Amino acid sequence: MTEAPQAPITLASIAGKWNVNVMGESSDSVVATNVTTFTEDPAGSSFRFPGGPAIPIRNVTVSGDSITYEAGPFASAVRKGMTVSNRVAVTLLDGNVVGNVRARYQTQGADTVRQFRIAGTRAQ
């Protein structure tokens, strides 16, 4: 028996605030948290690390069951003192936002890329 395909995602279906955990690519250990706010108008979407400023989300694309977006450059919450730009892909799974992050850190030499997973629950 095959699984039914996941319903297409929309900005309206994820609009609101989400409490997001950021984890290593192959670990369940949380390395950072943020509150992500999605709006039906992508120009209003952003995320905020605890005690930090709102970081705008840009280049939002909706395709099938996924939403991709970019953010940055901004001060990294994972690698203190470094600047990072992210490319993120999320989907809804059992009412939660889940996805992957490609973080590109700006360094003196070649840029460093690191992969993370995210999981978010709708804020009350």
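The values are calculated or read from the model by the stated rules, or taken from the named source; none is laboratory data. Everything quoted here is computed from the prediction, not taken from an experiment. Cβ atoms come from the backbone with ideal geometry, glycine included; neighbour counts cover every protein chain shown.
Numbers for the structure displayed
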{"item": "Residue tally, condition in contact (Cβ under 8 Å) with a residue 12 or more places away in the chain, over 13 Å from PHE116 (Cβ atoms) and of a type in the set (Lys, Arg), over region 48-106", "result": "2"}
{"item": "Any hit, region 53-70, residues being within 20 Å of VAL31 (Cα to Cα) and out of contact with any strand residue (DSSP E or B) (no Cβ under 6 Å at 6 or more places or on another chain)", "result": "yes"}
{"item": "Residue in region 21-40 that is closer than 20 Å to ALA7 by Cβ, without any contact (Cβ under 8 Å) to a residue 12 or more places away in the chain, among the β-branched types (Val, Ile, Thr) and surrounded by fewer than 16 Cβ atoms within 10 Å (Cβ to Cβ) present", "result": "no"}
{"item": "1 or more residues of a type in the set (A, V, I, L, M) and closer than 26 Å to THR10 by Cα: qualifying strands (runs of 3 or more DSSP E) within region 20-113", "result": "30-38, 58-63, 66-75, 83-93, 96-106"}
{"item": "Filtered residue count, region 1-27, keeping only those that are touching a strand residue (DSSP E or B) at 6+ places or on another chain (Cβ under 9 Å) and either modelled with pLDDT under 95 or under 23 Å from ARG102 (Cβ atoms) (or both)", "result": "18"}
